[in-house]
Amino acid sequence: MEVNITINGSEHASDVEPRTLLVDHIRRTVGLTGTHVGCDTTSCGACTVLMDGTPVKACTVLAAQADGSEVTTVEGLKGADGLHPIQSAFTDDHGLQCGFCTPGMMLVGASLIAENPDPSDDEVRWAISGNLCRCTGYINIVKAIQTAAARVAESSNGS
Amino acid sequence: MVAPTTPAEIGGIGHSVQRKEDARLIEGQGNFLDDIDLPNTLHMAILRSPLAHARINGIDSEAAMALDGVLAVVTGDLMDQHGLAWMPTLSGDTQAVLATDKVRYQGQEVAAVIATDPYIATDALELIEVDYEELPPITTPQQSLEEGAALIRDEKEGQTDNLAYTWETGDQGATEEAFAQADRVVTLETHYPRSHPAPLETCGIVADVNSVTGQATIYMTSQAPHAHRTLFAMVAGLPEQNIRIVSPDIGGGFGNKVPIYPGYVVATAASLLIGQPVKWVESRTENLISTGFARDYYMKGELAVTDEGRILGLRVDMLSDQGAFYSDAQPTQFRAGLFHVVTGSYDFGAAHINCKGAFTNKAPGGVAYRCSFRITEASYLIERLVQTAAYEVGIDPAEMRLRNFIQPEQFPYETATGFVYDSGDYPTALRTAMDEVGYEDLRREQAEARAEGRLIGIGIAHFTEAVGAGPSRTYDIAGLKMIDSAELRVHPTGKAILKLGVKTQGQGHETTFAQIVAEVLGIPANDIKVEHGDTDHTPYGLGTYASRSTPVGGAATAVVARKLADKSKKIAAHLLEAADEDIELASGVFSVAGSPDRSVTIQDVALAAYTNLPEGMEYGLEDVTYYDPPNLTYPYGSYIVVVEVDPDTGVWQVQRMVALDDCGVRINPMIVEGQICGGLTEGFAMSAMQWITFDEDGNCIGANFMDYLVPTAWETPKFELLATEVPSPHHPIGAKGVGESATVGSPAAFVNAVIDAVAHLGVRNIDMPVLPDRVWAAIDEAS
Ligand code: FES
Ligand code: FES
């Protein structure tokens, strides 16, 4: 079937099998491999992308369900003026080790701080509780999301 | 903490240099196994046994073969025709690649489909008919060793029972004597349950065998690419020069990616036969039910103690559940890993350990899950036992430890099992952690809370690890000595490339190993590229596990950098027209002793190495070192956990977790702390929730992330980290390794804390995972 999905600002019209998962579509048809797969029960969040601004687990969405929507993957986080604050904060606060969970974590983080400019420790932990990380113990991920929030707030106060 | 000797721009040892690997990972430009997409790639899916124990009477793959897009269905019989139906394990056993006779555990590999598309390969699995004749499953090692139990390994010549191995160490006579002198014997029986490392990325392979040239390029989630190349050569009979293993970015390993799994062998054979690349990436369920489980030790420990709380001796009796094949990934001479360190941080003269391993109808594995070969089990047992002994003798668990610690002046210290600890200051570590947590006040609060009916518990673990395998006289895997290597080349512009035998899976080697070179030569860490994982482009090594990268590969890096420093000094002397012995090197500047204004930089020297040399010197600035460590290193730590237990539900919450680690010199404090936080989380996970268990039919309970619970950010406690820094005296930069310390040390601290909350009721043990219902039952039974 024909699906038309805007991914990171560019339109992708493709003919897919109806059962194609969005994550496979993004990785295999479109060729963006920053979105990962870590489980088969919608438990890990490694496949998280933003669909019309909301985080979804792309292993549990069919490409067909995303027809007509705007999808942001990790490759789309960076803007014309450089890295998204969440990306630099993850590096600065050592929020990643192996980096496999990182794209999903950053997208959830970016969506959280877009809604909540000053999230508490508990609010961040709750927001990322659908995303597993086996390396970091989460502490620095939480810190990085809060750092990014603070930097966004600071730059919008400054402007 | 020792202050760095290099300025921040150079970023030598002691600087929290930002990680170089992050740049690609935060932009989704990592290159993980499943991201590799070669032209004409075929996809493999594996049919697995639904039964734990059954005879295979036949396999009908006709319908699967007929499916559009299916190229081949590989069975055990086909593999057998090529002599590949069985493969050797790392513990001297054999393991079925694809079952020919029987299936011996649920999830065992029975057949594989090769198709043009992964969806089609999976569809085809459902069309394969296997005629199974069910056999009674054996699901516990106790059952397995009973008289008359069905023989699981009936194919194994000379095997008449289900015993996988026996192992013994220590001095039985001396231990009996110590027990005869004791005022009391304290006993603890506990099970360290089966767990799974479950890195977020599962295992996988892309095998690309060129049938014309015979070149086999094998992309693999491998923690030990060089060792895997040699094993592939030995098992498959491929010429080793034609095998190139490429281990790309790895999404966590934790021991799971050390063994060679049947899927790797089948995919490689299929690529060889078909002449196209074959990709296989495990699903999470496959990962959890069939690859590298960890732990599963039933342990009985006894301590001989005096009424003053002095430990005189230790006796341990253990039974391990090996699953259907004995495939522990461990050095050849060790049957139960380095369990010897069960004597812990304590000074006593006698120990004796007896261990049996049994085959069961469960997945094989026995991998060292974030642990240096059974160290976790050993450390857990002694730390639980010492706390039990404190209760029995009637002294505080902290005091019990302080009375028995090996003292700083006793190092190097030979333990009752013959391991020689390199360095440490245990009393300072424990006292520092106690001060931080406010130990005395906490004990008072605990007593007050008890009076109000609230249950507070304070748990301590003071662990000592043995990592960095290992000296060639003792340590090998499949005959390959456990040395490791580093190759360093400085380019004419003063930039460098460092090539390693070890392989990161998230530990940050691309950053920290560059820092070691920066420390020695003064080349900025950011000017040093670190390459690893590709066997055609890196020197030989045994890989990254058992916290051996820094102790062995890091040592090789320091030594090779020093070799280049020596040559560089000669070049500098030539440039400065001074005597070799008058040249001093600090932070990349070579100067003449006594006249510091006469100097050249490492960058000047690098250029001269290719342009202007002293008479008779060979061009270039490059060398390689293979490092054979003189001893293991012995990191240690003092962990204190405070919990509150709800007496009505058994639910426990961590209130505080103070973790002091001493891993010797810290190369990059930020990365070290990251490793510790990750390790503490996995330790917490094992104590609280992670559990691979089975029902009586041998069905795996814990086959996905809905049943196998790993902690999210919500459950994970917050940690307060502390450090001391006693260097390893034999390591070139004094570092000991840290990746596994926290996973090794922390489970006992968490469990001890819960037990401490209910110890006054007489509770002495609750097996891990310490689930609320188990706590509640223990309280109920005691009161
Ligand atoms: S892969 Fe989508 S939640 Fe795990
Ligand atoms: S950094 Fe490895 S899973 Fe999160």
| field | Odd one out for A:V3 among (1) within 14 Å of ligand 1 (Cβ to nearest atom); (2) away from chain B (no Cβ under 11 Å); (3) open to solvent by less than 30 Å² (accessible area, probe 1.4 Å) | value | (1)
| query | Which ones in region A:45-58 are buried (at least 24 other Cβ atoms within 10 Å of the Cβ) and within 16 Å of ligand 2 (Cβ to nearest atom)? | reply | A:G45, A:A46, A:C47, A:T48
| said: Looking for something open to solvent by 10 Å² or more (accessible area, probe 1.4 Å), more than 10 Å from chain A (Cβ to nearest Cβ) and at pLDDT 95 or above - is there at least one such residue anywhere in region B:674-690? | reply: yes
| Given the structure, is B:R444 surrounded by fewer than 17 Cβ atoms within 10 Å (Cβ to Cβ), in a helix (DSSP H, G or I) and free of Cβ contacts under 8 Å to residues at least 12 places away in the same chain? | yes
| query | Taking only pairs six or more apart or across chains, which ones have beta-carbon atoms under 7 Å, a first residue in region B:193-214 that is within 14 Å of chain A (Cβ to nearest Cβ) and more than 16 Å from B:S247 (Cβ to Cβ), and a second residue that is away from ligand 1 (no atom under 16 Å from the Cβ) and in a strand (DSSP E or B)? | reply | B:S195/B:A294; B:S195/B:R295; B:H196/B:A294; B:P197/B:A294
| query | When you go through (1) under 25 Å from the mean Cα position of the chain (by Cα); (2) closer than 20 Å to B:V738 by Cβ one by one for B:S485, which number turns out not to apply? | reply | (2)
| task | Give the number of residues within region A:98-121 that are more than 16 Å from ligand 1 (Cβ to nearest atom) and closer than 25 Å to B:Q675 by Cβ. | result | 2
| Which residues, taken from region B:579-594, are of a type in the set (S, T, Y) and part of a strand (DSSP E or B)? | B:S591
| Checking A:V152 against (1) open to solvent by less than 40 Å² (accessible area, probe 1.4 Å); (2) assigned to a helix (DSSP H, G or I), the condition it does not meet | (1)
| Close pairs (7 angstrom Cβ cut-off, 6 or more residues apart or separate chains): not assigned by TED's automatic domain parsing to the domain that holds A:H36 in region A:14-26, open to solvent by less than 50 Å² (accessible area, probe 1.4 Å) anywhere | none
| task | Select from region A:125-159 the residues that are at the interface with chain B (Cβ under 8 Å from one of its Cβ atoms) and hydrophobic (A, V, I, L, M, F, W, C) and list them in ascending order. | result | A:W126, A:I128, A:L132, A:C133, A:C135, A:I139, A:I141, A:V142
| task | Can you give me the number of residues within region B:23-50 that are assigned to a loop (DSSP other than H, G, I, E, B) and in contact with a Gly (Cβ under 6 Å, 6 or more places away or on another chain)? | result | 2
| query | When you go through B:A753, B:A748 one by one, which is the residue that is out of contact with any Gly (no Cβ under 6 Å at 6 or more places or on another chain), crowded, with 17+ Cβ neighbours inside 10 Å and in a helix (DSSP H, G or I)? | reply | B:A748
| query | So which residues in region A:45-72 are more than 14 Å from ligand 1 (Cβ to nearest atom) and in a loop (DSSP other than H, G, I, E, B)? | reply | A:D52, A:G53, A:D67, A:G68, A:S69
| field | Hey, A:T42 at pLDDT 95 or above, surrounded by fewer than 22 Cβ atoms within 10 Å (Cβ to Cβ) and not in a helix (DSSP H, G or I) or not | value | yes
| Selection from region A:87-121 of residues that are more than 30 Å from B:E510 (Cα to Cα) and touching a residue at least 12 places away in the same chain (Cβ under 8 Å) | A:S111, A:L112, A:I113, A:A114, A:N116, A:P117, A:D118, A:P119, A:D121
| request: Provide a single number: the residues in region A:96-121 that are within 9 Å of chain B (Cβ to nearest Cβ) and either among the hydroxyl-bearing types (S, T, Y) or more than 20 Å from A:T33 (Cα to Cα) (or both). | output: 2
| request: Return yes or no: is B:L47 crowded, with 18+ Cβ neighbours inside 10 Å and either away from chain A (no Cβ under 14 Å) or not hydrophobic (A, V, I, L, M, F, W, C) (or both)? | output: yes
| query | So which residues in region B:696-724 are more than 22 Å from B:Q653 (Cα to Cα) and away from ligand 1 (no atom under 16 Å from the Cβ)? | reply | B:E696, B:D697, B:G698, B:N699, B:C700, B:I701, B:G702, B:A723, B:T724
| message | Can you pull out every residue in region B:151-201 that is open to solvent by 50 Å² or more (accessible area, probe 1.4 Å) and either assigned to a helix (DSSP H, G or I) or under 26 Å from B:A748 (Cβ atoms) (or both)? | response | B:E168, B:D171, B:Q172, B:E176, B:E177, B:A180, B:Q181, B:D183, B:R184, B:V185, B:T187, B:E189
| request: Go through (1) among the small types (G, A, S); (2) more than 23 Å from B:Q675 (Cα to Cα); (3) not in a loop (DSSP other than H, G, I, E, B) one by one and return the number of the condition B:A685 breaks. | output: (2)
| Mind checking whether some residue in region A:54-67 is away from chain B (no Cβ under 13 Å), in contact with a strand residue (DSSP E or B) (Cβ under 8 Å, 6 or more places away or on another chain) and more than 26 Å from B:D123 (Cβ to Cβ)? | yes
| field | Residues (open to solvent by less than 40 Å² (accessible area, probe 1.4 Å) and away from ligand 2 (no atom under 16 Å from the Cβ)) located in region A:86-115 | value | A:S88, A:A110, A:S111, A:L112, A:I113
| Is there a residue being within 16 Å of ligand 1 (Cβ to nearest atom) and under 25 Å from B:Q322 (Cα atoms) anywhere in region B:204-220? | yes
| task | Just give me the residues in region B:716-732 being crowded, with 22+ Cβ neighbours inside 10 Å and either over 29 Å from B:V643 (Cβ atoms) or touching a His at 6+ places or on another chain (Cβ under 7 Å) (or both), in sequence order. | result | B:V726, B:S728, B:H731
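The values are calculated or read from the model by the stated rules, or taken from the named source; none is laboratory data. Keep in mind that what you see is a predicted model, and the values were worked out from it rather than measured. Virtual Cβ from ideal backbone geometry, glycine too; neighbours counted across all protein chains shown. For the accessible areas, the whole protein counts, side chains as well, though only heavy atoms, and no ligand, DNA or RNA atoms are used. Shrake-Rupley method; radii C 1.70, N 1.55, O 1.52, S 1.80 Å.
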